[in-house]
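Asker: One structure is given below, represented as structure tokens, and several questions about it will come after.
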């Protein structure tokens, strides 16, 4: 019994999954050492994620060991420690050819569209999707994918010196955005969340001192106006996945501001066009996954000590504890920032 399966919503089964051992050209055999649990995994478990079908083995935030490589593979070798870029694209599509492999029309995310890495056995991935970091820990490598989602969202918003950026939602993806924003010179960063404890975490661990507590009655808009001297935000990154937040966040945008949706929802969204979106000449951007160049950039930032991944990991469980303990991470009162599954 060497793999975890989401058999149906809220049902976890430990199953036998045969080891994959014979890589073809351009492929690599890998073994998982660490898996990060993210919001996508929790949504898949709960039956709320639009691209997930049962039964399936999850796992896309992975710290991996390369076991063997196939013909023509030069970017990694046996024994390398790697982070996985789990978005498997068709390299021949026009979208991929113009550099947007992250949103190739047929992109398949390992652990979402097909079986992932929450297993003790070996499996095969395209070697081009492996990013080595032999001087990093498997913990660090498992966090690179989450960080890459935030990095890509920040790049989409493209903050300029002197601008104010508001990140809505201080969950893992919002925190990933904040990690890169805090490294930018002369960018004013504000975080908004409904939980004061998360704002406190951002202040204490990330140095993001300006936080706005979101309130059900909408009175936090006045608080945002106060901390921005009435100018609001030039860039808004909504990492909530909440239809309500994604529909109202335009109110926080300065004239000619940019709004980035990195959170995802299956709901239809509506927002005031003439009085807000059109009048302020706003720009709306989507941010999906990340691009290959993001991964070595993030690995290097971790290597240089510019990103401290230790503060992220608040909970750990072992592979054998997954059936019993995974469900706890669906409870927001647990206070988990990032949970890691150790696979030995």
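Just so you know, all these numbers are worked out from the coordinates, no wet-lab data involved. Bear in mind the structure is a predicted one, so any value in this text is a computation, not a measurement. Here the Cβ positions follow ideal geometry from the backbone for every residue, glycine too, while neighbour counts run over all protein chains shown.
Asker: Consider all pairwise Cα distances in region 195-243 and report the whole-number % of them above 16 Å.
Answerer: The answer is 51 percent, as a whole percent.
Asker: What percentage of all Cα-Cα pairs in region 177-261 are separated by more than 15 Å?
Answerer: Pairs farther apart than 15 Å: 58 percent.
Asker: In addition: Angle check, please: helix 138-157 long axis (alpha carbons) against the longest principal axis of the chain (alpha carbons), in degrees 0 to 90, nearest 10.
Answerer: Approximately 40 degrees, to the nearest ten.
Asker: I would also like to ask the following. In Å and on Cα atoms, what radius of gyration and Dmax does region 100-259 show?
Answerer: Considering region 100-259 through its Cα atoms, Rg and Dmax are 17.8, 56 Å.
Asker: If packing is taken as the average number of other Cβ atoms within 10 Å across a peptide's residues, how do 13-23, 204-214, 228-238 rank, most packed first?
Answerer: 228-238, 204-214, 13-23
Asker: Return the ratio Rg/(2.2 N^0.38 Å) for region 81-158, where Rg is computed over Cα atoms only.
Answerer: 1.18
Asker: Quick one: Debye curve from the C-alpha atoms of region 48-109, no solvent, what's log10 I(q)/I(0) at q = 0.12, 0.16, 0.17 Å⁻¹?
Answerer: After summing over all Cα pairs, the log10 values are -0.44, -0.75, -0.83.
Asker: Most exposed first by the Cβ proxy, i.e. fewest other Cβ within 10 Å, how do 35, 194, 184 rank?
Answerer: Ranking 35, 194, 184 by Cβ neighbours within 10 Å, fewest first, gives 184, 194, 35.
Asker: I need the semi-axes of the equivalent ellipsoid of region 195-344: take the C-alpha gyration tensor, multiply each eigenvalue by 5, square-root it, list largest first in whole angstrom.
Answerer: That gives 32, 19, 18 Å for the three semi-axes.
Asker: So how many Å³ per residue does the convex hull of the Cα atoms of the chain work out to?
Answerer: Normalising the Cα hull of the chain by residue number yields 134 Å³.
Asker: So, in Å, what gap is there between the alpha-carbon centers of region 160-214 and region 269-344?
Answerer: Between the Cα centre of region 160-214 and that of region 269-344, the gap is 13 Å.
Asker: Here's something else I'd like to know. Compute the relative contact order of the chain as a whole-number percentage, counting only Cα pairs closer than 8 Å that sit 6 or more residues apart in sequence.
Answerer: Contact order relative to length: 17 percent.
Asker: To continue, here is another question. Classify region 157-226 as rounded, prolate or oblate, taking a ≥ b ≥ c as the square roots of the eigenvalues of its Cα gyration tensor: rounded when a/c is under 1.5, otherwise prolate if a/b is larger than b/c and oblate if not.
Answerer: oblate
Asker: Report Rg/Rh for region 280-327, rounded to two decimals, where Rg is the Cα radius of gyration and Rh the Kirkwood radius.
Answerer: Expressed as Rg/Rh, it is 1.18.
Asker: If you don't mind, another one. Using Cβ contacts closer than 10 Å as the measure, can you line up 324, 185 from fewest to most?
Answerer: 185, 324
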